[in-house]
1. Report yes if residue 182 is touching a Ser or Thr at 6+ places or on another chain (Cβ under 8 Å) and open to solvent by less than 20 Å² (accessible area, probe 1.4 Å), otherwise no.
2. So which pairs qualify, if the first residue must be in region 53-79 and within 20 Å of residue 123 (Cα to Cα), the second must be open to solvent by 40 Å² or more (accessible area, probe 1.4 Å) and aromatic (Phe, Trp, Tyr), the Cβ gap must be under 9 Å, and the two must be at least 6 apart or on different chains?
3. Specify the residue that is least open to solvent (accessible area, probe 1.4 Å); the eligible residues are those in region 185-195 that are over 9 Å from residue 49 (Cα atoms) and touching a Pro at 6+ places or on another chain (Cβ under 9 Å).
4. Hey, can you tell me all the residues within region 1-15 that are surrounded by fewer than 20 Cβ atoms within 10 Å (Cβ to Cβ) and touching a helix residue (DSSP H, G or I) at 6+ places or on another chain (Cβ under 6 Å)?
5. Any residue that is part of a helix (DSSP H, G or I) and either polar (S, T, N, Q) or under 18 Å from the mean Cα position of the chain (by Cα) (or both) - is there at least one of those in region 38-52?
6. Return a yes/no flag: does region 191-201 have any residue that is touching a Phe, Trp or Tyr at 6+ places or on another chain (Cβ under 7 Å) and assigned to a helix (DSSP H, G or I).
7. Mind counting the residues in region 49-68 that are of a type in the set (Val, Ile, Thr) and open to solvent by 30 Å² or more (accessible area, probe 1.4 Å)?
8. With respect to the numbered conditions (1) among the acidic types (Asp, Glu); (2) loosely packed, with under 14 Cβ neighbours inside 10 Å; (3) in contact with a helix residue (DSSP H, G or I) (Cβ under 8 Å, 6 or more places away or on another chain), which one is the sole condition not fulfilled by residue 18?
Amino acid sequence: MYEAFYGLKEKPFSIQPDPDFLFMGKRHSLAYATLEYGIRNKAGFSVISGEIGCGKTTLIRHLLNNLGQEFNVGLVYNTHQEVANLLEWVLLAFGLPYQGTSQVALYDVFQRFLISQYGAGKRVLLIVDEAQNLSPGALESLRMLSNINADKDQLLQMILVGQPQLREVLRRPEMQQFVQRVSAHFFIPPLEVPEVLRYIQHRLKVSGREAPLFTPSACVRIAKASRGIPRTINILCDTALVYGFSGEAAKIDVRLVEEVIRDQGKYGVFPLE
């Protein structure tokens, strides 16, 4: 809609996770370094948590794009409180049979799978998204899976990704045994104001525009209205570009951003502030 008007080759502020747009600010760089450390050191568990929309999924997709061919990766996205048998979802993630068998048989299938992968020189990585939804019992079942070893080698590595509630769950006294298996962990906080300015410019540059489009004061106002949450920044910036295009504004200034925020408060289903 507004791409050609502002010299963009694509929309710069889509809310869909896209590793091409990943902004490596200080905290995201540390979070990624933590993930790399866990992978390289064959950590049983790595934990990445942060607010909704802080870029966790984009960070994971960037990691997946940089893993070697020796990794066999399984992804579990459908986590919720009513998950009765997490092991079935784990088997499904790796394309293994999971229907019509007992828990013991399921465990045996997965153990044989891990051993065969180890024998073939493969490393097995399980990523569980929205892990804050898992019950302590489900987390304990993951801990039991981490007990499958060959000599001193860890046959299964796991990355748990979740919202701040995940951190609270893991801090419970009954989770002490599980936490002792976590070798790498990081909580991603919101972006600070100077980072928001660089974040906006970064996404514009990836989309093909070198020249600044948002004024510094507009970026500061966006930073405060969004509380530094990348997804909210994207929504606000995208809407501001629609307003700017409609009014043929050469730059997105603070006046225009204030108009967007005000209109969202009056007419939007989800006010920005």
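The values are calculated or read from the model by the stated rules, or taken from the named source; none is laboratory data. Just so it is clear, the structure is predicted and the values come from calculations on it, not from any experiment. Every residue, glycine among them, receives a Cβ derived from its backbone with ideal geometry; neighbour counts consider all protein chains shown. To get the accessible areas, we keep the full protein, side chains included, count just its heavy atoms, and leave off ligands, DNA and RNA. Shrake-Rupley method; radii C 1.70, N 1.55, O 1.52, S 1.80 Å.
1. Against the criterion (touching a Ser or Thr at 6+ places or on another chain (Cβ under 8 Å) and open to solvent by less than 20 Å² (accessible area, probe 1.4 Å)), residue 182 does not qualify.
2. Matching pairs, first to second residue: 76/89.
3. Across region 185-195, the extreme among qualifying residues is 191.
4. 2, 5, 15
5. Here is the first cut: in region 38-52, the residues part of a helix (DSSP H, G or I) are 38-40.
Among the residues that remain, those that are also either polar (S, T, N, Q) or under 18 Å from the mean Cα position of the chain (by Cα) (or both) are: 38-39.
Yes; the residues of region 38-52 include at least one that is part of a helix (DSSP H, G or I) and either polar (S, T, N, Q) or under 18 Å from the mean Cα position of the chain (by Cα) (or both).
6. Quick first cut of region 191-201, residues touching a Phe, Trp or Tyr at 6+ places or on another chain (Cβ under 7 Å) only: 191, 199-200.
Subset that is assigned to a helix (DSSP H, G or I): 199-200.
Yes, there is a match, as at least one residue in region 191-201 is touching a Phe, Trp or Tyr at 6+ places or on another chain (Cβ under 7 Å) and assigned to a helix (DSSP H, G or I).
7. Of the residues in region 49-68, the ones of a type in the set (Val, Ile, Thr) are 52, 57-58, 60.
Of the ones still in play, those that are also open to solvent by 30 Å² or more (accessible area, probe 1.4 Å) are 52, 57.
Of the residues in region 49-68, 2 are of a type in the set (Val, Ile, Thr) and open to solvent by 30 Å² or more (accessible area, probe 1.4 Å).
8. Only one criterion is unmet by residue 18, namely (2).
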